[in-house]
1. Restrict the search to region 1-104; then list the GluC sites (Glu not before Pro) that DSSP places in a loop and that have at most 11 other Cβ atoms within 10 Å of their Cβ.
2. Pick out which of S74, S41, S57 has the largest mean-square fluctuation in a Gaussian network model of the chain, springs linking Cα atoms closer than 10 Å.
3. Mind putting together the pair-distance distribution for the chain? All Cα pairs, 5 Å bins, whole percent per bin, short to long.
4. For the chain, what is the mean residue ellipticity at 222 nm derived from helices alone (per DSSP H run of n ≥ 4: -39500 (n - 2.57); sum divided by total residues; nearest 500 deg cm²/dmol)?
5. Once amide H atoms are built 1.01 Å from N in the peptide plane, which residues 5 or more positions from G68, or in another chain, come under 5 Å H to H?
6. Ranked by accessible surface with a 1.4 Å probe, highest first, in what order do F34, F47 come?
7. Computed FRET efficiency, Cβ-Cβ of E36 and R83, R0 30 Å: what is it to the nearest 0.05?
8. Using the C-alpha gyration tensor of region 70-109, what are the square roots of 5 times its eigenvalues, in whole angstrom, with the largest one first?
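The values are calculated or read from the model by the stated rules, or taken from the named source; none is laboratory data. For clarity, every value in this text was computed on a predicted model and none was experimentally measured. Note: ideal-geometry Cβ built from the backbone for every residue, glycine included; neighbour counts use all protein chains shown. The accessibility values were calculated without ligands, DNA or RNA, using every heavy atom of the protein model including side chains. Shrake-Rupley method; radii C 1.70, N 1.55, O 1.52, S 1.80 Å.
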Amino acid sequence: MTATVIPAGTVVRCPKMETGKVVGHGRAVVLGLFNETDPTSGYLVWFYGKGAKKCGSLVFRREMTIVGTIEEMSVRTLTTVARGLNGVAGGHALWMRAGSLLLRKRATV
């Protein structure tokens with residue numbers, strides 16, 4: 001059985017963990033697989049809704065619900081994501097993608 005890999009830039013809804021306890025659910029952007037060679041190892045995600053923590057969280061596939069992609073985000077939300085991803089470990093490629101997408105969307109508005 002092969003597991004389908006969720007691509008970086010996918011927006012998901014998943015549980016937020018702090019000190020080993022679930023403190024709620026929120027929207028996050030998938031940064032990529034935790035272990036690139038093992039799709040069952042979990043994903044690094046970055047929560048963009050409330051405050052910008054400079055680290056990703058580990059979430060497993062069964063805990064995520066896909067709600068969209070960064071391409072579907074509004075200019076305002078994409079601005080938050082592009083600013084917040086600057087400096088997040090493992091998020092450089094997605095930061096560049098979000099910034100490029102933001103410039104294109106601003107040019108058409």
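1. Values: sites: E18, E36, E63, E71, E72; in loops: E36.
Qualifying residues, ordered by number: E36.
2. Looking only at S74, S41, S57, the largest GNM fluctuation is found for S74.
3. Each 5 Å bin holds this share of Cα pairs: 2, 13, 24, 24, 19, 11, 5, 2, 0.
4. Working: 2 runs with 28 residues, N = 109.
Mean residue ellipticity, 222 nm, calculated: -8500 deg cm²/dmol.
5. Sorted by chain and number, the residues that satisfy this are V11.
6. Values: F34 125, F47 30 Å².
Accessible-area ranking of F34, F47, largest first: F34, F47.
7. Working: r = 27 Å, r/R0 = 0.89.
So the FRET efficiency works out to roughly 0.65.
8. Values: eigenvalues 64, 17, 11 Å².
Rounded to whole Å, the semi-axes are 18, 9, 7.
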